[in-house]
Amino acid sequence: MTGRLIGTGSYVPDHYLSNEDIAKIVDTSDQWIRERTGVVRRHIVEEDTTATMAVQAAKRALEDASIQAEEIDLIIVSTIVSDVLMPCTACYVQNEIGAVNAFCFDLNAACSGFLVAYSTALGYIEMGLAKKVLLIGTELLDWTDRSTCILFGDGAGAAVIEAVDGARASICMHSDGSKGDSLLLPRNGTITMNGQDVFRFAVSKVPKVIKELLEQQQKTAGEIDYFILHQANKRIIDAVAKRLQVEESHFPCNIEEYANTSSASIPILLDELRKEGTLKKGQKIVLTGFGAGLTWGAVYMEI
Ligand code: COA
């Protein structure tokens, strides 16, 4: 018994800032941002909060899964910027959607957060402690600092996982706390990042963890329909594809529109791919997250 994805939802604010808009605020240019990151615009909250975005994404995921909120027995929210330190955002979501039978908690593993939430959900399901789990990544980041504002955007993505006999899933997760300073968000501060260190970390560790996962599953990279990577940077995604010797068309990307939405990026992309009909029953998918901690990991699933 393991978990299978049965629904997704996402919510991004309507308001966005183009690279040209950002260039009016900090010393940068559209060309610099496009060439280095692949980002063209990022959606930015006006009225919303991490909690209200999470609720919208959750409602859409439940609708997509065709289930009632009362059927959910676990809600996990991944965020690095919850509106309040307590209670957890997952409890707020529970109340707003009426998931009265759910146990709720938040977790923080930065941009790897959705992967950690997914693997936690699989753990609960495989132990027989949950049957239907709602996972949400929701983030709202500071965009006024020149070195990082170009990279990030706001949004939320959600997924519903259901316990199914005969489904296949596996997980590889890693952390390296000695590199914590490479990507840091102090309480009440702004993100500081050693961009080149983080870039090197991602392009070396992500292909390795994908190979480790494929070995576990006794599969080759060529057998995977889609690699859904955390949308941090188009150059990172292209470099990973190249190292795995897989066509870039197997690495869907929406960073152009949303920039890096941290733990929301994977479920937002999953939702887009499901809604446009790209993801189809029976396909083999690898999800890969990486980010502050440093943390990184990959999940194999059949949809
Ligand atoms: N606009 C214009 N110029 C900028 C700039 C900006 N927003 N930020 C920095 N620069 C300038 C620097 O001042 C430097 O100028 P100099 O050569 O005159 O000193 C030059 O651009 C190069 O800076 P550098 O930081 O070396 O750029 P880079 O090529 O490493 O690109 C990143 C910076 C952040 C785009 C790149 O390192 C990266 O993508 N890293 C990974 C980040 C990431 O994905 N983080 C999230 C992981 S979850």
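The values are calculated or read from the model by the stated rules, or taken from the named source; none is laboratory data. Small disclaimer: the values here were computed from a predicted structure and weren't measured. Methodologically, a virtual Cβ is constructed for each residue, glycine included, from the backbone with ideal geometry; neighbour enumeration extends over all protein chains shown. Remember, those area values only see protein heavy atoms, side chains included, never the ligands or the DNA or RNA. Shrake-Rupley method; radii C 1.70, N 1.55, O 1.52, S 1.80 Å.
Among what's in segment 27-57 and is open to solvent by less than 40 Å² (accessible area, probe 1.4 Å), touching a Phe, Trp or Tyr at 6+ places or on another chain (Cβ under 9 Å) and farther than 16 Å from V81 by Cα, pick the residue that is nearest to the ligand (Cβ to nearest atom). Top of the filtered list is V39. Looking across segment 175-189, the residues that are out of contact with any Ser or Thr (no Cβ under 7 Å at 6 or more places or on another chain), of a type outside the set (A, V, I, L, M) and outside any helix (DSSP H, G or I) come down to D176, P186, R187, N188, G189. Determine if segment 250-263 includes at least one residue that is within 21 Å of S112 (Cβ to Cβ), assigned to a helix (DSSP H, G or I) and of a type in the set (S, T, N, Q). Scanning segment 250-263, I find at least one residue that is within 21 Å of S112 (Cβ to Cβ), assigned to a helix (DSSP H, G or I) and of a type in the set (S, T, N, Q), so the answer is yes. When the residues of segment 130-150 are narrowed to those that are among the basic types (K, R) and open to solvent by 40 Å² or more (accessible area, probe 1.4 Å), which ends up nearest to the ligand (Cβ to nearest atom)? Result: R146.
Can you work out which of the residues in segment 222-243 that are open to solvent by less than 20 Å² (accessible area, probe 1.4 Å) and part of a helix (DSSP H, G or I) is farthest from D142 (Cα to Cα)? Steps first, answer last, please.
Of segment 222-243, the ones open to solvent by less than 20 Å² (accessible area, probe 1.4 Å) are 224, 227-233, 236-237, 240-241.
Then drop every residue that is not part of a helix (DSSP H, G or I), which leaves 236-237, 240-241.
On the way: I236: 22, I237: 23, V240: 27, A241: 30 Å.
The extreme case among them is A241.
Can you pull out the residues in segment 37-79 that are within 21 Å of the chain's Cα centre (by Cα) and either farther than 30 Å from L129 by Cα or not assigned by TED's automatic domain parsing to the domain that holds M127 (or both)? Talk me through it step by step, then tell me what you get.
The first filter runs over segment 37-79 and keeps only residues within 21 Å of the chain's Cα centre (by Cα), leaving 37-45, 48-65, 72, 74-79.
Answer for segment 37-79, where residues must be within 21 Å of the chain's Cα centre (by Cα) and either farther than 30 Å from L129 by Cα or not assigned by TED's automatic domain parsing to the domain that holds M127 (or both): T37, G38, V39, V40, R41, R42, H43, I44, V45, D48, T49.
Once segment 151-200 is narrowed to residues that are among the aliphatic types (A, V, I, L, M) and within 14 Å of the ligand (Cβ to nearest atom), the residue that is surrounded by the most Cβ atoms within 10 Å (Cβ to Cβ) is L151. Taking segment 59-88 as the range and being open to solvent by less than 40 Å² (accessible area, probe 1.4 Å) and over 16 Å from L107 (Cβ atoms) as the test, the residues that pass are A61, L62, A65, I67, A69, I72.
On the stretch given as segment 244-285, residues that are farther than 13 Å from Y226 by Cα, within 16 Å of the ligand (Cβ to nearest atom) and under 15 Å from the mean Cα position of the chain (by Cα) total 12.
Give segment 108-129 a look and list any residue that's closer than 15 Å to Y300 by Cβ and open to solvent by 30 Å² or more (accessible area, probe 1.4 Å), or say none. Correct list: E126 only. Quick one: F105 ticks every box in (1) within 19 Å of H230 (Cα to Cα); (2) free of Cβ contacts under 8 Å to residues at least 40 places away in the same chain; (3) in a strand (DSSP E or B) bar one, so which box is it? Against the list (1) within 19 Å of H230 (Cα to Cα); (2) free of Cβ contacts under 8 Å to residues at least 40 places away in the same chain; (3) in a strand (DSSP E or B), F105 comes up short only on (1).
Looking only at segment 17-26, count how many residues are more than 10 Å from the ligand (Cβ to nearest atom) and either polar (S, T, N, Q) or within 14 Å of G157 (Cα to Cα) (or both). Give the derivation first.
Start the filter on segment 17-26 by keeping residues that are more than 10 Å from the ligand (Cβ to nearest atom), which leaves 17-18, 20-21, 24-25.
If we keep only those that are either polar (S, T, N, Q) or within 14 Å of G157 (Cα to Cα) (or both) as well, we get 18.
Going through segment 17-26 one residue at a time, the tally reaches 1.
Pairs linking a residue in segment 257-277 that is touching a residue at least 12 places away in the same chain (Cβ under 8 Å) to a residue that is of a type in the set (K, R) and not in a loop (DSSP other than H, G, I, E, B), with Cβ atoms under 7 Å and 6 or more positions apart or on different chains, are E257/R41; Y258/R42; A259/R42. With respect to G222, is the statement that it is within 16 Å of the ligand (Cβ to nearest atom), in the same structural domain as M173 (by TED's automatic domain parsing) and small (G, A, S) true? Here the answer is no, as G222 does not meet what is asked. When segment 205-221 is filtered for residues that are closer than 10 Å to V286 by Cβ and in a loop (DSSP other than H, G, I, E, B), only K219 remains.
For segment 1-24, the set of residues classified as open to solvent by less than 90 Å² (accessible area, probe 1.4 Å) and over 18 Å from Q231 (Cα atoms) consists of T2, G3, R4, L5, I6, G7, H15, D21, I22, A23, listed by residue number.
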